[in-house]
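Visitor: Just dropping this structure here.
Rule-based calculations on the coordinates, nothing more; no lab input. Treat the numbers as computed from the prediction; the structure is a model and nothing was measured. Because the Cβ atoms are built from the backbone with ideal geometry, glycine has one as well, and the counts that use them run over all protein chains shown.
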Amino acid sequence: MQILAVVVRYNMPLDQSQTLLGLCDALSTHPDLAEAYRLLIWDNSPEALADPQLSIPFVYRHSNRNLGVSGAYNNAMEYAEQHGHIWMVFFDQDSAVTSDLLRTLLRHSRNLENRTDIVAIAPTVKMGAYTASPKILGFNGRTHDYPAGECGIADGRVIAVNSGCVMRTSALRSIGGFSTDFWLDFSDLYVFHQFFLTGKKVWRAGDTEFQHEMTMLDYDGLMSPWRYKNYLYAETAYSDLYFGRIERLMQHLKLPARAIKQRILFKNPDFSRLTLEQFMYRLRVRRSKRLLRFRAEGVRRLNPSGGQVSDRALANGKPEPVDIKA
């Protein structure tokens, strides 16, 4: 069994990626890990690398259009299917990957290979002292921590971030892969929601953890106004699709309070302004129209030179993802 390790690159030299540096160190010094993992770098940057080089073997693919992490992971899923990889592990380019992490994920993957009811393995992801993943998703999107250090099937409605998560290729295919609408933000929440709806189970690998930089937890450092605006529209669409009426109302009412908090805490006033704009957008535009607009934006992203898509076609289902050739 060989796990496909997928790293999504965007405008960063390979030798400056914390993830790739960690993978190179782990796989070059541990031959058993080098045999157990195959590395695929999916490049969403505007320009392809002419001669990409690392100290370890890898497969390089470049997309001629940036379809976000969802586009990268969906194409990695196709590669995994073609080459017989039962499991894939996803990484952003800024995760602290170690040999201990890879060895523990490998052990769990081998132990669970025949447990087809278990479709994902989620290690503990930290940002500093804060536990970012996995979490129990509660009412109105509130999250709660699992007990530290425990391994086993996750109780409740589990969510986990993409980076560091091992997913069963066949299970990901069974839910249609990652959403082309939630192409960047909420891509992980969408997948775990689909796993939950279809009764699939997630294994908590609480015996390993790693550090990962998260944009949504660092407004003064990593977050940009453009990225936050994208997050807000994805957040609205996700709640419109999957929250009940009371939850949607509470989500709506949280926005003014969030804007006040952002104005006090963060240096850039654009975050507070964008939150208030989203609040007004939700007041002015009814839910059905918001969803049509969100899906129309997804169509434009997939087919930037394509024609118009009718509201009826958008309402009946999302468009099929396009194939990206390497």
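Visitor: Please tell me the relative contact order of the chain in percent, rounded to the nearest whole number, where contacts are Cα pairs under 8 Å and at least six residues apart. Provide the component values of the computation, followed by the final result.
Guide: Working: 522 pairs, mean separation 55.7, N = 326.
That works out to 17 percent.
Visitor: Take Q82, project a point 7 Å from its Cα along the Cβ direction, then tell me which residues of region 19-51 have their backbone nitrogen under 19 Å from it.
Guide: The answer is 38-45, 48-49.
Visitor: Relative to the longest principal axis of the chain, what angle (0 to 90°, nearest 10) does the C-alpha long axis of helix 68-82 take?
Guide: Computed tilt is about 40 degrees.
Visitor: Which of K229/K267; K200/K289; K261/K289 have a Cα-Cα distance over 21 Å? Display every interim value, and only then the final one.
Guide: On the way: K229/K267 17 Å; K200/K289 32 Å; K261/K289 29 Å.
Too far apart for the 21 Å limit: K200/K289; K261/K289.
Visitor: In nm, to one decimal, how far is the R227 label point from the A129 one, both placed 7 Å along Cα→Cβ?
Guide: 2.4 nm
Visitor: Then there is this: With +1 on the Cβ of every Lys and Arg and -1 on the Cβ of every Asp and Glu, and nothing else charged, how large is the dipole of the chain about its Cα centre, in debye rounded to the nearest 20? If you can, show how the numbers build up before the last one.
Guide: Numbers: 40 positive and 34 negative charges, 373 e Å.
That gives the chain a dipole magnitude of about 1800 debye.
Visitor: Report the extension gain between E113 and Y281 in nm, rounded to one decimal, defined as 0.36 nm multiplied by the number of residues separating them, less their alpha carbon distance.
Guide: On the way: separation 168, 0.36 × 168 = 60.48 nm, distance 4.64 nm.
Gain on stretching E113 to Y281: 55.8 nm.
Visitor: Towards the positive end of the charge dipole of region 208-296, with charges on Cβ (+1 Lys, Arg; -1 Asp, Glu), say which of Y219, N268, A257 has the farthest Cα.
Guide: About the Cα centre, the residue reaching furthest to the positive side is A257.
Visitor: Compute the acute angle (0 to 90°) between the alpha-carbon long axis of helix 245-265 and the principal axis of greatest extent of the alpha-carbon atoms of the chain; round to the nearest 10°.
Guide: It is inclined by approximately 80 degrees.
Visitor: To continue, here is another question. Kindly put I3, I56 in sequence by how many other C-beta atoms sit within 10 Å of each C-beta, fewest to most.
Guide: With the sparsest Cβ surroundings first, the list reads I56, I3.
Visitor: Which percent, nearest 5, of DSSP beta bridges in the chain are antiparallel?
Guide: Working: 17 of 40 bridges.
Roughly 45 percent of the beta bridges in the chain run antiparallel, per DSSP.
Visitor: Same structure, new question: Specify the angular offset, from 0 to 90 degrees and rounded to the nearest 10, of the alpha carbon long axis of helix 287-302 from the longest principal axis of the alpha carbons in the chain.
Guide: Orientation of helix 287-302: about 40 degrees from the principal axis.
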